Amino acid sequence: MFDKVIVGSEEWCAFPQLEIPTIKARVDSGAKTSALHALNISPYEKNGESWVKFDINPIQNNTKAVIHCEAPLVDKRVVKSSSGYREQRYVIKTQLRVGESSWDVEVTLTNRDSMGFRMLLGREAMSGRLLVDPEQKYLLGQPTIEKLREYYEKTEEHRKGLRIGLLASNPELYSNRRIMEAGEARGHEMHFLNLKYCYMKLDADTPEIHYRGGRVLNDFDAVIPRIRPSMTFYGCALTRHFEALKVFCLNSASAISQSRDKLYSLQLLLNSGVDIPTTGFANSPLDTNDLIKMVGGPPLIVKLLEGTQGKGVVLAETKKAAESVINAFKSLNANILVQEFIKEANGKDLRLFVIDGKVVASIQREALPGEFRANIHLGGTASIIKATAEEKKIAIRAAKAMNLKVAGVDIIRSSKGPLLLEVNSSPGLEGIEGATNKDIAGEMIRAIEKNFKIKD
């Protein structure tokens, strides 16, 4: 017992391996785990092992002082905060120094902007080493203001490049990781902005976007919206607010919104002279028979208007099956499209990736045996293919009609020539980068640089 160090309820500590010379911690024996403030958390592989890199503002209410850290990744755990909120956190193991003592501890990484301390020291890390006197503070001393300046003023580097936010939901997705890496590789300050952590202040004089904990996000040069379908409404609202703040958005809110409306997007494409498979739409099940005739009869495709990534797409091979599927969806008040089936495509389609009015890559996607629709998310395969001049022209025209700077354009080859299936405003990068070995994420960053007249 007498070998243990007595500490107060607040102490200054250090993380030598993370190159954090000092940070104020809340010492809390009521908390099981320890937590460290972290932003821009990004997992990666290093020499075949799992690592994680992250940024930290070590001083409360000071976002200028930034330390870029990396550490071996130990685990991912669901942690319940003091407010009852559960979140999945990355866990690292690193050396902690308290006073003259040092030992290895496990620490979870989380945004602690809303907390009073950048560090929470829990009982697991203290066990066998520390005793807490809750009436005392800084029993092991505290740095002077001059010492803090000496430590951290050198980290307040002048910004190089642009400050770019990636507005999305999951930092672990291949596409999101690649975009973050590509931006950093080109010298930009990249920030992952979780849609769920953003909220808005609507005000005529001082409109703002805040991040969990109250951090204001008004100082971004550009934002890349990567909005999952379930978050379309809120994601587009946030994107509109960034636009109102004069932040350049790689895809605009209006373009994303109309691309998610399958019926409206097809109408826009037709008005721009782009051919599509014959498609029918009706509000009443009483019109089912004529709807089936309208698209040439079975076999035919039935699509939910809200479906994405191949979900909500059904092949009806007979008239009876078509009637059953259409009427079942209608009984659920679901909006559907009925579309002719292009048999000669043989389960294949093309994905052309358009960035800033140019086709930068194209692949052919092939369905699994027994499937009718090519979809990499559902186990389909991707291979490199040379798109024809006509197919490239269709893809560029489609992206322009939708007003999208970044678009994944899906085309099917039919006996009538190439037909456009749909346009995706948040196309995935994994399949197309893997098949073509092209730096698509880098091309997206270059499109932002072009807007700011930044040359290679």
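The values are calculated or read from the model by the stated rules, or taken from the named source; none is laboratory data. Everything numeric here is computed off the predicted structure, so don't read it as measured data. Positions of Cβ are backbone-derived with ideal geometry, glycine not excepted, and every protein chain shown enters the neighbour counts. We work out accessible area using only protein heavy atoms, side chains counted, and drop any ligands, DNA or RNA first. Shrake-Rupley method; radii C 1.70, N 1.55, O 1.52, S 1.80 Å.
Restricting to bridges with both residues inside the chain, how much of the DSSP beta-bridge set is antiparallel, in percent to the nearest 5?
Values: 78 of 100 bridges.
Taking every DSSP beta bridge with both residues in the chain, the antiparallel ones total about 80 percent.
For region 408-456, list log₁₀ I(q)/I(0) at each q in 0.17, 0.28, 0.31, 0.33 Å⁻¹, using the Debye formula over Cα point scatterers of equal strength and ignoring solvent, two decimals each.
Values returned for q = 0.17, 0.28, 0.31, 0.33 Å⁻¹ are -0.70, -1.01, -1.06, -1.10.
For region 89-212, what's the radius of gyration and Dmax over Cα atoms, in angstrom?
19.3, 56
For residue 176, what charge total do you get from the other residues with a beta carbon under 12 Å from its beta carbon, if Lys and Arg give +1 and Asp and Glu give -1?
Neighbour charge sum, excluding residue 176 itself: +1.
Label points 7 Å out from Cα along the Cβ direction at residue 358 and residue 215: separation in nm?
Label-label distance for residue 358 and residue 215, simple model: 3.4 nm.
How do 349, 75, 290, 205 rank by accessible surface area computed with a 1.4 Å probe, from largest to smallest? Intermediate results must be reported in sequence, preceding the final value.
Working: 349 5, 75 60, 290 95, 205 135 Å².
Result of the area sort, largest leading: 205, 290, 75, 349.
Note the full-extension length gain between residue 47 and residue 244 as 0.36 nm times their separation in residues minus their Cα-Cα distance, in nm to one decimal. Show your work: numbers first, answer last.
Details: separation 197, 0.36 × 197 = 70.92 nm, distance 4.41 nm.
Computed gain between residue 47 and residue 244 is 66.5 nm.
Can you give me the distance in nm between label points at residue 174 and residue 60, each placed 7 Å from the Cα along the Cα-to-Cβ direction?
Using points 7 Å along Cα→Cβ, the separation is 4.3 nm.
Could you compute the FRET efficiency for residue 331 and residue 278, with r as their C-beta to C-beta distance and R0 at 22 Å, rounded to 0.05? Intermediate results must be reported in sequence, preceding the final value.
Values: r = 25 Å, r/R0 = 1.13.
Rounded to the nearest 0.05, the efficiency is 0.35.
State the extension gain, in nm to one decimal, for the chain segment bounded by residue 206 and residue 455, taking 0.36 nm per residue of separation less the distance between their alpha-carbons. The partial results should precede the final answer.
Numbers: separation 249, 0.36 × 249 = 89.64 nm, distance 3.31 nm.
So the chain would gain 86.3 nm between residue 206 and residue 455.
Protein chains only, probe 1.4 Å: how do 239, 33, 63 rank by accessible area, largest first? Don't skip to the end; give the middle numbers.
Details: 239 0, 33 40, 63 90 Å².
So, going from the largest accessible area down, we get 63, 33, 239.
How long, wide and thick is region 10-64, going by the Cα atoms along their three principal axes, in whole angstroms, largest first?
38, 31, 19
Scattering from the C-alpha atoms of the chain alone, worked out with Debye: what is log10 I(q)/I(0) at q = 0.08, 0.09, 0.12, 0.14 1/Å?
Here log10 of I(q) over I(0) equals -0.58, -0.71, -1.05, -1.27.
Where a ≥ b ≥ c are the square roots of the eigenvalues of the C-alpha gyration tensor, would you call region 28-111 rounded, which needs a/c under 1.5, or, failing that, prolate if a/b is larger than b/c, or oblate?
Numbers: a/c = 1.18, a/b = 1.11, b/c = 1.06.
Rounded.
Would you tally the net charge around residue 207, using a Cβ to Cβ cut-off of less than 14 Å, leaving residue 207 out, and scoring K and R as +1, D and E as -1?
On the way: positive: 201, 240, 246; negative: 203, 205, 208, 219, 243.
That sum, taken over residues with Cβ under 14 Å, equals -2.
Can you list which of the GluC sites (Glu not before Pro) found in region 1-66 are DSSP loop residues with at most 13 other C-beta atoms within 10 Å? Intermediate results must be reported in sequence, preceding the final value.
Working: sites: 10, 11, 19, 45, 49; in loops: 19.
Of the GluC sites (Glu not before Pro), the ones in loops of region 1-66 whose Cβ has at most 13 other Cβ atoms within 10 Å are 19.
Show the residues, 5+ positions off or on another chain, whose built amide H is closer than 5 Å to the amide H of residue 422.
410
Output needed for region 1-144: three equivalent-ellipsoid semi-axes, defined as square roots of 5 times the C-alpha gyration tensor eigenvalues, in descending order, whole Å. Before the final figure, lay out the partial values.
Values: eigenvalues 112, 54, 51 Å².
Its equivalent ellipsoid spans semi-axes of 24, 16, 16 Å.
Could you list, bin by bin from short to long, the percent of Cα-Cα pairs of region 319-442 in 5 Å steps?
Taking all Cα pairs of region 319-442, the binned fractions are 2, 11, 19, 20, 19, 13, 8, 5, 2, 0 percent.
Applying the Karplus parametrisation 6.51 cos²θ - 1.76 cosθ + 1.60 with θ = phi - 60° to the phi angles of region 4-21, what ³J(HN,Hα) value in whole Hz is obtained for each residue in order, glycine and proline being reported as x?
Taking θ as phi minus 60°, the curve returns 7, 8, 8, 10, x, 6, 9, 9, 9, 9, 9, 10, x, 5, 8, 6, 9, x Hz for region 4-21.
Could you compute the longest span of the chain free of chymotrypsin sites (Phe, Trp or Tyr not before Pro) located in DSSP loops and having at most 12 other Cβ atoms within 10 Å, not counting the site residues?
Working: sites that count: 2, 85, 452.
Counting only loop sites that pass the neighbour cut-off, the longest clear stretch is 86-451.
Would you compute, for the Cα atoms of region 176-276, the largest minus smallest coordinate along each principal axis and list the three values in descending order, in whole Å?
Reported extents, whole Å, longest axis first: 47, 37, 24.
Counting only pairs 8 or more residues apart or on different chains, how many lysine pairs in region 126-205 have their Cα atoms under 30 Å apart? Please report the intermediate quantities before stating the final value.
Values: 137/147; 137/154; 147/160; 160/196; 160/201.
Eligible lysine pairs with Cα atoms under 30 Å apart amount to 5.
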